[in-house]
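**Student:** Here you go, one structure.
The values are calculated or read from the model by the stated rules, or taken from the named source; none is laboratory data. The shown structure was predicted, so the numbers you read here are calculated from the model rather than taken from an experiment. A quick note on method: Cβ atoms are made from the backbone with ideal geometry, for glycine too, and the neighbour counts reach across all protein chains shown. These accessible areas exclude ligands, DNA and RNA; they are computed on the full protein's heavy atoms, side chains included. Shrake-Rupley method; radii C 1.70, N 1.55, O 1.52, S 1.80 Å.
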Amino acid sequence: MLEKSLIKSLPESLKVYGTVFHMNQGNPFKLKALVDKWPDFNTVVIRPQEQEMTDDFDHYINTYQIYSKDPKNCQEFLGISDVINWKQHLQIQSSQSSLDEVIQSLASAKLVQVKRAQCLLYIMPKTAKKLIPLLLQELDHKPGRPKAINRDMFKHSSLDVTHAALVNKFWHFGGNERGQRFIERCIQTFPNFCLLGPEGTPVSWSLMDQSGEVRMGATVPEYRGQGLSSYALYTHIQALDKLGFPTYNHTDKANKIIQKMSHTLGHILLPCSWNQWHCVPL
């Protein structure tokens with residue numbers, strides 16, 4: 001019921017919708033959904049179950065996805081409840097930039113330091129067609145394809161946990177031990193794709209997180225400029241489309257290369273943004 005209800009609020013509910021979708025596919029990350037009231041909710045918070053949040057410093061696991069129809073209600077709900085454990089290092093993610101004031105205010109009251117990342121949010125054509133058809137009607141949309149790659153040099157494959165250190169090295173939000181453990185869990189849990197180079201090791205990859213977002217994609221420096229990232233992302237999304245998964249991703253506002261790639265592949269830039277608040281207790 002929650003999944004169907006959140007569809008009506010897309011694209012603003014996208015981050016929460018994607019998470020709830022995967023909760024209904026077996027809930028591999030052991031998450032739970034909390035609402036202020038049911039069934040006529042105003043605010044939804046997705047968070048791990050308590051037994052998963054054992055490391056107070058692991059903001060990768062201590063991640064909350066929030067959607068609210070009413071930011072004032074959201075502030076009241078989060079302010080009077082123990083939904084968020086402000087004593088831990090944590091992340092809050094949302095497709096609603098309107099929640100920034102709410103989260104900053106709550107964090108200030110709880111003596112928590114906040115660092116916000118705001119990025120461009122893209123949805124893939126087949127997902128948009130299925131979930132937000134009006135969006136496509138309003139656009140002159142043309143689906144795209146990546147250029148061909150040298151199939152003799154690069155082989156289709158998937159990542160395994162031994163590749164997590166490599167992915168972690170090139171992930172903008174990673175580069176540490178806890179980030180690597182998170183990547184290992186994503187590799188073990190969700191479908192991913194990579195291209196193996198002549199040495200037999202991954203040179204380009206694409207994988208997703210617990211919210212269903214395609215994240216942590218990269219190409220190693222010596223193989224960049226050959227369209228491998230574009231090819232890996234496209235192939236990964238094709239596979240996810242066949243599984244019926246909603247597909248979307250984000251990119252930094254300064255990353256013009258990925259923005260150009262998204263345009264080439266026909267990804268649709270959404271009017272709302274990708275937001276993440278990294279919270280640390282003072």
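**Student:** If you take the residues of region 114-155 that are touching a Leu at 6+ places or on another chain (Cβ under 7 Å) and not in a loop (DSSP other than H, G, I, E, B), which of them is farthest from residue 249 (Cα to Cα)?
**Tutor:** Out of the qualifying residues, it is 155.
**Student:** Report every pair of residues separated by at least 6 positions or lying on different chains whose Cβ atoms are under 9 Å apart, first residue within region 125-150 and farther than 28 Å from residue 228 by Cβ and outside the structural domain of residue 214 (by the TED database), second aromatic (Phe, Trp, Tyr) and assigned to a helix (DSSP H, G or I).
**Tutor:** These pairs meet every condition: 131/17.
**Student:** Would you pick out the residues in region 1-28 that are assigned to a loop (DSSP other than H, G, I, E, B) and either over 15 Å from residue 247 (Cβ atoms) or open to solvent by 40 Å² or more (accessible area, probe 1.4 Å) (or both)?
**Tutor:** Residues satisfying the conditions are 1, 8, 9, 12, 13, 24, 25, 26, 27, 28.
**Student:** Next question. Under 8 Å by Cβ, and 6 or more places apart or on different chains, what pairs join a residue from region 1-19 that is in contact (Cβ under 8 Å) with a residue 12 or more places away in the chain and within 18 Å of residue 208 (Cα to Cα) with one that is charged (D, E, K, R) and part of a loop (DSSP other than H, G, I, E, B)?
**Tutor:** Every condition considered, the pairs that remain are 15/213; 18/213.
**Student:** When the residues of region 2-30 are filtered to those that are in contact with a Lys or Arg (Cβ under 9 Å, 6 or more places away or on another chain) and of a type in the set (A, V, I, L, M, F, W, C), which remaining residue is nearest to residue 188 (Cα to Cα)?
**Tutor:** The selected residue is 29.
**Student:** Next question, about the same structure. Looking for whichever is assigned to a helix (DSSP H, G or I), closer than 24 Å to residue 3 by Cα and open to solvent by less than 40 Å² (accessible area, probe 1.4 Å) here; the options are 233, 240, 207. Which one fits?
**Tutor:** 240
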